[in-house]
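Student: Quick one: this structure, given as structure tokens, is what I'll be asking you about.
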């Protein structure tokens, strides 16, 4: 049953002690958490930073002259600097805090593209987008007559930059593409896509919710126009994400939400808006979460990111090797260089039944359509089971997964 | 009860048999009521068709769709149980079932019905799966109430 062990490719010791939740048991079994692509667990460093801030420095930001408001404002703006450094933005002014990746993409839809799109204009996107990078564009189709142009992926789940290029026409106003598929693990050739789109004068939005976790992102090198990230997949808290956008785009965008903090001046007759990024951050922002996000990015950056990537790739390869024994199990997504996400279908077994049996073994996986129904349709499946690997997972976790799958087959097959 | 006991109860042989060999599966010509149910959580769909005769009795009943073992078995069992019943009896049975799978008192069920439906009672130990078991039943209720679409989320 155990996979033929190849030598470990990376000298990376999974920092399990940093994640207290990994010590708990589920249904009497040790937790094996393989659902980090849905949301990653939080290291103590994040939880402690948030607690220390909330108990020692908390107040609202940008509006008080008192000591704590100053301290909180400083911490909040330091988080913006931290995100900018993490993505290698030119400046922190190119980072807008949002409540997550979804809101970041919706912000581009409302504040940027809806002002620039007319009936018959096109948005190019791929069939492997998450619903959060589909539905905001459907809104523009419904409301303004935009046309969605879908780019297919190859049978192995890889995306050809030339296929994207071929879909960009004279009426294309935006290319919206994931950096890493949440179902297939495919890493897209983002830099080549951006170059092709820019050659035709078309901006590119990348959904980096998975990509930023597993790839070292350099938005300047990619030259991407918009890059959306979410905190909770980056080992940070829920309730905070960010949009990177080139300064010129942000300056030309109208606000999305109206309220406090985003104005320059309000009178009875008119309102003028603050400069970005404040223009897009109406209301009290997620302040404690911003502090948590700083800690999360510090935490992730404290590792050799390439070693983390090699470790996750090792887990993926180890799992693939072990699954070869199961001729009733079909992996979906095998693009070269893909990230550590493993989606599969089991003959005669529904993903939810498989996930229930794995759950009782303490193994947490995702089962369903993964908010990517066009992709499910592309591969002719209603749902898949997905195991996703993070820096805290081990080969022993994979062994437990394999044992659980064998048990599921025994019960249901 | 141990975890393995719960698992054995959830996936007991009767359920696996219903899911592998669903009864009353397929379309129904001359249906008087149709319903379509959808579980947005997993993307599973089920269609139910029934023919109610002049005396208010379910003369024929069918279901179509695909889904997990629990949802397929539950739909198959439902069609088995409802065939030949009056609408009033069907309603009582459906209400009883919906209580049973949530682990609530299903007192409105006759002893015999309770015994036959009890194979699904193991679902109550798996709150995340109750919706799988109830999808076809909610769909049937909405078909009888004249609606067409039900969903379990």
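Student: Kindly indicate whether any position in the stretch A:313-329 is within 22 Å of residue A:159 (Cβ to Cβ), at pLDDT 95 or above, away from chain B (no Cβ under 14 Å) and in a loop (DSSP other than H, G, I, E, B). It would help to see each step written out before you state the result.
Tutor: Pass one, the stretch A:313-329, residues within 22 Å of residue A:159 (Cβ to Cβ): A:313, A:316-317, A:320.
Subsequent filtering for residues that are at pLDDT 95 or above retains A:313, A:316-317, A:320.
This time we only want the ones that are away from chain B (no Cβ under 14 Å), so: A:313, A:316-317, A:320.
Checking the rest, the ones that are also in a loop (DSSP other than H, G, I, E, B) come to none.
Looking through the stretch A:313-329, none of the residues is within 22 Å of residue A:159 (Cβ to Cβ), at pLDDT 95 or above, away from chain B (no Cβ under 14 Å) and in a loop (DSSP other than H, G, I, E, B).
Student: Would you be able to say whether some residue in the stretch B:102-125 is buried (at least 17 other Cβ atoms within 10 Å of the Cβ), within 14 Å of chain A (Cβ to nearest Cβ) and either outside any helix (DSSP H, G or I) or touching a residue at least 60 places away in the same chain (Cβ under 8 Å) (or both)?
Tutor: Yes, the stretch B:102-125 contains at least one residue that is buried (at least 17 other Cβ atoms within 10 Å of the Cβ), within 14 Å of chain A (Cβ to nearest Cβ) and either outside any helix (DSSP H, G or I) or touching a residue at least 60 places away in the same chain (Cβ under 8 Å) (or both).
Student: Give the residue that is nearest to residue A:177 (Cα to Cα), with candidates limited to residues of the stretch A:372-381 that are in contact (Cβ under 8 Å) with a residue 24 or more places away in the chain, in a loop (DSSP other than H, G, I, E, B) and more than 10 Å from chain B (Cβ to nearest Cβ).
Tutor: Among those residues, the one meeting the criterion is A:372.
Student: Continuing with the same structure: From the list A:231, A:259, A:241, which residue is more than 15 Å from residue A:104 (Cα to Cα) and assigned by TED's automatic domain parsing to the domain that holds residue A:130? Break it down stepwise before answering.
Tutor: On the way: A:231 fails: more than 15 Å from residue A:104 (Cα to Cα); A:241 fails: more than 15 Å from residue A:104 (Cα to Cα).
Only one candidate qualifies: A:259.
Student: Can you tell which of A:108, A:127 is in contact (Cβ under 8 Å) with a residue 60 or more places away in the chain and crowded, with 23+ Cβ neighbours inside 10 Å? Reasoning before the result, please.
Tutor: Numbers: A:127 fails: crowded, with 23+ Cβ neighbours inside 10 Å.
Testing whether each residue is in contact (Cβ under 8 Å) with a residue 60 or more places away in the chain and crowded, with 23+ Cβ neighbours inside 10 Å leaves just A:108.
Student: Name the single residue, out of those in the stretch B:2-20 being in contact with a helix residue (DSSP H, G or I) (Cβ under 8 Å, 6 or more places away or on another chain) and assigned to a loop (DSSP other than H, G, I, E, B), that is nearest to the other protein chains (Cβ to nearest Cβ).
Tutor: B:11
Student: Okay, moving on. When residue B:65 is evaluated against the numbered criteria (1) at negative phi; (2) touching a strand residue (DSSP E or B) at 6+ places or on another chain (Cβ under 7 Å); (3) within 14 Å of chain A (Cβ to nearest Cβ), which criterion, by number, is the only one it fails?
Tutor: Of the numbered conditions (1) at negative phi; (2) touching a strand residue (DSSP E or B) at 6+ places or on another chain (Cβ under 7 Å); (3) within 14 Å of chain A (Cβ to nearest Cβ), the odd one out for residue B:65 is (1).
Student: In the stretch A:384-400, is there at least one residue being at the interface with chain B (Cβ under 8 Å from one of its Cβ atoms), touching a helix residue (DSSP H, G or I) at 6+ places or on another chain (Cβ under 8 Å), buried (at least 24 other Cβ atoms within 10 Å of the Cβ) and modelled with pLDDT under 95?
Tutor: No.
Student: Just to verify a result, which residue in the stretch A:330-357, among those that are surrounded by fewer than 21 Cβ atoms within 10 Å (Cβ to Cβ) and within 14 Å of chain B (Cβ to nearest Cβ), is farthest from residue A:308 (Cα to Cα)?
Tutor: A:348
Student: While we're looking at this one, here's another question. Restricting to the stretch B:4-32, count the residues that are over 25 Å from residue A:347 (Cα atoms) and either surrounded by 14 or more Cβ atoms within 10 Å (Cβ to Cβ) or touching a residue at least 12 places away in the same chain (Cβ under 8 Å) (or both).
Tutor: The number of residues fulfilling the criteria is 4.
Student: Would you be able to say whether some residue in the stretch A:347-358 is outside the structural domain of residue A:211 (by TED's automatic domain parsing), under 14 Å from residue A:37 (Cβ atoms) and in a strand (DSSP E or B)?
Tutor: no
Student: Sort out for me the strands (runs of 3 or more DSSP E) sitting completely within the stretch A:216-283 that have 1 or more residues that are surrounded by fewer than 22 Cβ atoms within 10 Å (Cβ to Cβ).
Tutor: Filter on the stretch A:216-283 gives A:263-266, A:271-273.
Student: Is there a residue being more than 20 Å from the chain's Cα centre (by Cα), away from chain B (no Cβ under 14 Å) and in a helix (DSSP H, G or I) anywhere in the stretch A:5-14?
Tutor: no
Student: From the residues in the stretch B:130-141 that are touching a helix residue (DSSP H, G or I) at 6+ places or on another chain (Cβ under 7 Å) and surrounded by fewer than 22 Cβ atoms within 10 Å (Cβ to Cβ), which one is farthest from residue B:14 (Cα to Cα)?
Tutor: So the residue we want is B:141.
Student: Residue A:140 versus (1) in contact with a helix residue (DSSP H, G or I) (Cβ under 7 Å, 6 or more places away or on another chain); (2) surrounded by 19 or more Cβ atoms within 10 Å (Cβ to Cβ); (3) under 26 Å from residue A:38 (Cα atoms): which is the lone unmet condition?
Tutor: Among (1) in contact with a helix residue (DSSP H, G or I) (Cβ under 7 Å, 6 or more places away or on another chain); (2) surrounded by 19 or more Cβ atoms within 10 Å (Cβ to Cβ); (3) under 26 Å from residue A:38 (Cα atoms), the lone unmet condition for residue A:140 is (3).
The values are calculated or read from the model by the stated rules, or taken from the named source; none is laboratory data. Bear in mind the structure is a predicted one, so any value in this text is a computation, not a measurement. Note that we place each Cβ from the backbone using ideal geometry, even for glycine, and neighbour counts take in every protein chain shown.
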